[in-house]
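Read the structure below first, then the notes.
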Amino acid sequence: MLPKKLIIYNIENIIFACERIITVTKKMPFEVFEVNEDAQDIVLMNFIKIGECANRILEELDSNISNLLRPAVAMRHKIAHGYDVLDTLRIFESATENVPQLTIKLKKYISKQ
């Protein structure tokens, strides 16, 4: 069992990575993201960070939060092991649709701890 302090630390790192993704993709249309390799690199690296932190703590969290983070771990694996075949549109949609919701839910979770 991980210390609560370490669990919170990992969740805070996930939130930070989510906020980086949100900042980079804010008001950016897909057509710009698709050709902006710097934006893609920032988003992909932060998805990897999210997945790594989530993977460390999944078993320590209640099922609502762990189920929320499982797709992030799967995304990390796809990025790390299939970089040459990534679907840029799917990455962008996840960054602009799923990440903001994840951030809100994790901030709410942290506030209750």
Next on the checklist: For the chain, set up a GNM with springs between Cα atoms under 10 Å and report which of Asp62, Asp87, Asp41 has the largest fluctuation.
Outcome noted: Asp62
Checklist entry - What trypsin sites (Lys or Arg not before Pro) in the range 1-70 are in a loop by DSSP, with at most 15 other Cβ atoms within 10 Å of the Cβ? => result Lys26, Lys27
Checklist entry - When we measure straight from the Cα of Lys108, which aspartates and glutamates land under 17 angstrom away, once same-chain ones fewer than 8 places off are left out? => result Glu12, Glu19, Asp62
Checklist entry - Is the shape of the range 36-113 rounded, prolate or oblate, going by the alpha carbon gyration tensor and its root eigenvalues a ≥ b ≥ c, with a/c under 1.5 for rounded and a/b larger than b/c for prolate? => result prolate
Checklist entry - Hey, how many Å between the Cα centroid of the range 6-29 and the Cα centroid of the range 57-98? => result 13 Å
Checklist entry - Suppose every K and R has +1 on its Cβ and every D and E has -1 on its Cβ; what is the size of the dipole of the chain about the Cα centre, in Debye to the nearest 20? => result 660 debye
Checklist outcome for this item: Listing Thr96, Thr88, Thr23 by rising number of other beta-carbon atoms within 10 angstrom, fewest first, gives Thr23, Thr88, Thr96
Checklist entry - Taking the Cα centre of the range 36-113 as the origin and placing charges on Cβ (Lys, Arg +1; Asp, Glu -1), which of Ser66, Thr88, Asn36 is farthest toward the positive end of the dipole? => result Ser66
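Values in this text are rule-based calculations from the coordinates and carry no lab data. Given the structure is predicted, the values throughout are model-derived calculations rather than measurements. Please note: Cβ atoms are built from the backbone with ideal geometry, for glycine as well, and neighbour counts cover all protein chains shown.
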